[in-house]
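S.K.: The following block contains the structure, expressed as C-alpha cells.
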Amino acid sequence: MSCNPSFGGIGKGHLMREVDALDGLCGRVCDRSGVHYKVLNRCKGPAVWGLRAQIDRGLYKEHMQKEILNTPLLTVHEASVEDLLLTEPEPDRPGKCQVTGVVLGDGSTVHAGSVILTTGTFLRGMILIGLETYPAGRLGDQPAIGLAQTLEKLGFAVGRLKTGTPPRLAKDTIDFSGLQERAADNPPVPFSFLSEAVWIKPEDQLLCYLTRTTLKAQEIICDNLHLNNHVRETTRGPRTAWHHSRYCPSLESKVLRFPNREHQVWLEPEGLESNVIYPQGVSMTLPAELQEQVIRSIPGLEKAKILQPGYGVQYDFLDPRQLTASLESRLVQRLFFAGQINGTTGYEEAAAQGVIAGINACLRVRGKPPFIVSRTEGYIGVLIDDLTTLGTSEPYRMFTSRVEFRMSLRPDNADARLTHRGFEEAGCVSQQRYEEAVKMRAALEDGIATLKSLQFSISKWSQLVPEVPISSSRRLPLSLLVVSQQLSILPEWCVENQQQEIEEVRRDEALRLPEDLDYFAIDASLSLEVREKLDSNRPQTSLFFTSIGALSRIPGITPAAIVNLLRFVKTNHQKAEKLKALPQADKYFPEKMYSEKAASQRQISAKSSEEKQEYLC
C-alpha cells in the first residue's frame, strides 16, 4: 500500500465486495490484517453502506505476499519492464500490432500470450516537494521511462495526472487527549463472503481521532504558494496536462477553494505495533520545513514530529477510451491495462480493473469470449463503462452516485450477482467459493419461500405488530415477506421497479452495432457533429460489437440521435432477416457500403475542423 493504509469506503466498499465475489484476494487479506473496521453511511439504506477498514501495513504485506508466492503455477519475477515485444497483428481483429511479451531492465525478455500493464504512478513519474522535483514513481523508487516512451511511440493518447500524499507523523509525539475519538464497529463486518469474522477481537481494535486545521495553517499556505510547484501548475489540455485529484485534494487546494474554513484531519494508525500515524486530509507539497509549521498549527499536533514529508506525484496515464470493455487495448492486440494507467484513483478501483483484466487476458489466450460486467450487474461494470466510454480528465473515483441501479447492486448481494458467472464463464472462482455461493442462494430462496407462505390479514398483522403501522392498497392477505419489507428501508416495489429498468437497459445493450461501422456512411438522420463523436469514441461492449446503450453514454450524443440509431439498427436487422432467406445473400452486402457518401461526409468533417482551427487561432 503506497499511500493510505486503508481499504473500502463509500462506493469503494462495493468494489471490494465484487472483487471478492470474483475470488480476488484483497478482501480476504484485509480481514486478516485490519485494525479498525467501520461501515460508513449507516444512517442511510443498506444499498449505499460503505465497508471500510484501517489496515496494518506490515500484516497486509506479509499476508498478501504469502498468498501470491504460494499460488500454484504462478512464477513471480521482480524486475522493471522497459519495453514491449511486438509482432504483426492478427488479421481478423482490430489493432496495428500484437504484443508477445516484455523486455526487462537487464535486457532479458519474458514471452507471453497476453500482457497486463498496471503501472500505478510510475509512468514518467515525478515527485515534487516545494520547488524541488526529481524522477520517481513513489518515494525511493525509480520511474518507468522506457515503457512510457514505447506507449507514446505506439500512438496511445497520453495525459498527465497529479496526486499527493500527506506527511507521516510519530504517534508518540501527538497529544490525543483533546481530540475526538472515533471507535470501530462492534462487531466488525468482514469484507469477504468467505470470512465468518475478522481476525481481531472487537475490543482490540485501534481508535482513530479527528482534529481540524486552523486559520494559521491557511496563512502559512497562502504566504508560501510561490514555493510550491505542484500547486502552481496550470491546467492545460492533454499530453502535458496536469489534472489535480478532485476527490483526494491537497490541503493547499482545499484552502484555495474553500478559504476561511476548518478542514477535517483524521489521524489514522498504520498498524498495531507501528508508531506511524497517517493524517488523512493534509496531503501537501510545501517545503519540508513549512509542512512542519502547518502540522504544528493543528490542535493535538503542536509537538508532532514528521517522520516523512508529504509530496506530490505527477505521472502519465493513457486515455481509457482506447480500451475495450474487456480492458484490452484497441491499438495493440493482447495488451491490457488496469489501475492508475487508466486514470483512476485508489486501491479499490485498481483491484477491480485488475481482476477483469486478468480474467480477460487469460480468456484471450484460450480463445474464449471476454468476460464483461455490465452497468446493470455491478459497480465494476459502471467503473469500466465510464472509463472506456467517457474517459476521464482527472483521477476517477468510484461513488454510489455514479450507479443507476443502487438498490439492486448492494454490497450484501455481490456474490449472488457475480460468483456464479465468475465460476461458469471466467473460471476464476474456486470450487469452495462456488459451493458456498450455491448454499447461500438456496438458503435465501428457502427463506423467501417461508416468508411468503406465512400470510395473514392486515387486521391480524396489526394485532401481531401493533407498534408498526402497516399500510397496503390490497385487500388480500399479506405475507410476512411483504410486511418485513414494509418495516425495512428497501420496499419490494422499489426493487421490482428497478429490475424492470435493468431489463430495459439490457435490451438496449443487446441492440448491437459492428465496432468498425462507418458512421459517416450509414443511412441515418445524424448530424455531422454526432457522426464525428460516434466515429472517435467507439465503445466496445463485446468482441467486434458496440451497443446502443454504450453509445447513449457518450457526451454530446443526444436522445434524438439515439432514437435515429435505434431506427437504423431495427431497419437493418429486418432487412438482414429477409435477405437471409434469399439465395447468395452475400452479394447484397458489398464490402464498402455507401463509400462515396462516407468520403463526402469525411471531406465535410475535415473542412469543418480546419475552419474551427482557423477560428481558434
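The values are calculated or read from the model by the stated rules, or taken from the named source; none is laboratory data. Please read these numbers as outputs of a predicted model, since none were measured by experiment. Cβ coordinates were reconstructed from backbone atoms using ideal geometry, including for glycine residues, and neighbour counts include every protein chain displayed. Surface accessibility is based on the protein's heavy atoms, side chains included, excluding ligands, DNA and RNA. Shrake-Rupley method; radii C 1.70, N 1.55, O 1.52, S 1.80 Å.
S.K.: With the requirement that a residue be open to solvent by 20 Å² or more (accessible area, probe 1.4 Å) and among the small types (Gly, Ala, Ser), what does the range 121-171 give you?
M.R.: 140, 155, 157
S.K.: Being at pLDDT 95 or above, out of contact with any Gly (no Cβ under 9 Å at 6 or more places or on another chain) and among the polar types (S, T, N, Q), is that true of even one residue in the range 118-129?
M.R.: no
S.K.: Next up: Scan the range 290-309 residue by residue and report those that are in a loop (DSSP other than H, G, I, E, B) and open to solvent by less than 20 Å² (accessible area, probe 1.4 Å). Steps first, answer last, please.
M.R.: Filtering the range 290-309 down to residues in a loop (DSSP other than H, G, I, E, B) leaves 297-305, 309.
Result: 298, 300, 301, 304.
S.K.: Which pairs turn up if I take residues in the range 420-447 that are farther than 18 Å from residue 368 by Cβ and look for partners that are of a type in the set (D, E, K, R) with beta carbon separation below 7 Å, at least 6 apart in sequence or on another chain?
M.R.: 430/23; 433/23; 437/415; 440/415
Listed here are the residues, each with its yes/no results for (1) out of contact with any helix residue (DSSP H, G or I) (no Cβ under 7 Å at 6 or more places or on another chain); (2) closer than 29 Å to residue 169 by Cα.
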site: 265; (1), (2): yes, yes
site: 317; (1), (2): no, no
site: 320; (1), (2): no, no
site: 336; (1), (2): no, no
site: 340; (1), (2): no, yes
site: 357; (1), (2): yes, no
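S.K.: So for the range 375-382 (the condition being under 23 Å from residue 431 (Cβ atoms) and either open to solvent by 30 Å² or more (accessible area, probe 1.4 Å) or charged (D, E, K, R) (or both)), does at least one residue qualify? Quick ask: steps written out before the conclusion?
M.R.: Residues of the range 375-382 that are under 23 Å from residue 431 (Cβ atoms), as a first pass: 377-378, 380.
Pick out the ones that are also either open to solvent by 30 Å² or more (accessible area, probe 1.4 Å) or charged (D, E, K, R) (or both) and you get 377.
Yes, that holds for at least one residue.
S.K.: Within the range 134-168, can you find the residues that are touching a helix residue (DSSP H, G or I) at 6+ places or on another chain (Cβ under 7 Å), at pLDDT 95 or above and within 22 Å of residue 294 (Cα to Cα)?
M.R.: Once the filter is applied, which keeps residues that are touching a helix residue (DSSP H, G or I) at 6+ places or on another chain (Cβ under 7 Å), at pLDDT 95 or above and within 22 Å of residue 294 (Cα to Cα), the range 134-168 yields only 167.
S.K.: State all residues of the range 315-327 that are crowded, with 23+ Cβ neighbours inside 10 Å and either touching a Phe, Trp or Tyr at 6+ places or on another chain (Cβ under 8 Å) or at positive phi (or both); if no residue qualifies, say none. Reasoning before the result, please.
M.R.: Residues of the range 315-327 that are crowded, with 23+ Cβ neighbours inside 10 Å, as a first pass: 315-318, 320, 323-327.
Matches in the range 315-327: 315, 318, 320, 323, 326, 327.
S.K.: With respect to the numbered conditions (1) in contact with a Gly (Cβ under 9 Å, 6 or more places away or on another chain); (2) closer than 18 Å to residue 564 by Cα; (3) at pLDDT 75 or above, which one is the sole condition not fulfilled by residue 511?
M.R.: With (1) in contact with a Gly (Cβ under 9 Å, 6 or more places away or on another chain); (2) closer than 18 Å to residue 564 by Cα; (3) at pLDDT 75 or above applied to residue 511, the lone miss is (3).
S.K.: Which of the residues belonging to the range 172-209 are within 30 Å of residue 419 (Cβ to Cβ) and either of a type in the set (Lys, Arg) or open to solvent by less than 40 Å² (accessible area, probe 1.4 Å) (or both)?
M.R.: Hits for the range 172-209 are 184, 185, 188, 190, 191, 192, 195, 198, 200, 201, 205.
S.K.: Restricting attention to the range 328-347, report how many residues are open to solvent by 10 Å² or more (accessible area, probe 1.4 Å) and either in a helix (DSSP H, G or I) or on the phi > 0 side of the Ramachandran plot (or both). It would help to see each step written out before you state the result.
M.R.: Quick first cut of the range 328-347, residues open to solvent by 10 Å² or more (accessible area, probe 1.4 Å) only: 328, 330-331, 334, 340, 345-347.
After this cut, where a residue has to be either in a helix (DSSP H, G or I) or on the phi > 0 side of the Ramachandran plot (or both) as well, the list is 334, 340, 346-347.
Here the count works out to 4.
S.K.: Okay, next question. Report yes if some residue within the range 273-282 is within 30 Å of the chain's Cα centre (by Cα), over 16 Å from residue 2 (Cα atoms) and open to solvent by 40 Å² or more (accessible area, probe 1.4 Å); otherwise report no.
M.R.: no
S.K.: Taking the range 352-381 on its own, how many of its residues are hydrophobic (A, V, I, L, M, F, W, C) and free of Cβ contacts under 8 Å to residues at least 24 places away in the same chain?
M.R.: Final tally of qualifying residues: 0.
S.K.: Are there any pairs with C-beta distances below 8 angstrom linking a residue in the range 385-403 that is within 10 Å of residue 344 (Cβ to Cβ) to a residue that is part of a loop (DSSP other than H, G, I, E, B) and open to solvent by less than 10 Å² (accessible area, probe 1.4 Å), with the two at least 6 apart or on different chains, and if so which?
M.R.: Short answer, once both residue conditions are applied: 387/343; 392/343; 395/245; 395/343; 396/343; 397/11; 398/11.
S.K.: Does the range 133-146 contain at least one residue that is assigned to a helix (DSSP H, G or I) and over 16 Å from residue 330 (Cα atoms)? Outline the logic, then answer.
M.R.: Within the range 133-146, the subset assigned to a helix (DSSP H, G or I) is 146.
So of that shortlist, the ones also over 16 Å from residue 330 (Cα atoms) come out as 146.
Scanning the range 133-146 turns up at least one residue that is assigned to a helix (DSSP H, G or I) and over 16 Å from residue 330 (Cα atoms).
S.K.: Let me ask another. Which ones in the range 387-403 are surrounded by fewer than 24 Cβ atoms within 10 Å (Cβ to Cβ) and under 15 Å from residue 12 (Cα atoms)?
M.R.: 395, 397, 399, 400, 401, 402, 403, listed by residue number.
S.K.: Could you list, in sequence order, the residues of the range 241-265 that are open to solvent by less than 70 Å² (accessible area, probe 1.4 Å) and either of a type outside the set (A, V, I, L, M, F, W, C) or at pLDDT 90 or above (or both)? Write out each step before concluding.
M.R.: Within the range 241-265, the first condition is being open to solvent by less than 70 Å² (accessible area, probe 1.4 Å), and the residues that meet it are 241-243, 245, 248-255, 259, 263, 265.
If the condition is that a residue be open to solvent by less than 70 Å² (accessible area, probe 1.4 Å) and either of a type outside the set (A, V, I, L, M, F, W, C) or at pLDDT 90 or above (or both), then 243, 245, 249, 250, 251, 252, 253, 254, 255, 259, 263, 265 are the ones that fit.
S.K.: In this structure, is residue 116 in a strand (DSSP E or B) and either more than 21 Å from residue 358 (Cβ to Cβ) or open to solvent by less than 20 Å² (accessible area, probe 1.4 Å) (or both)?
M.R.: No.
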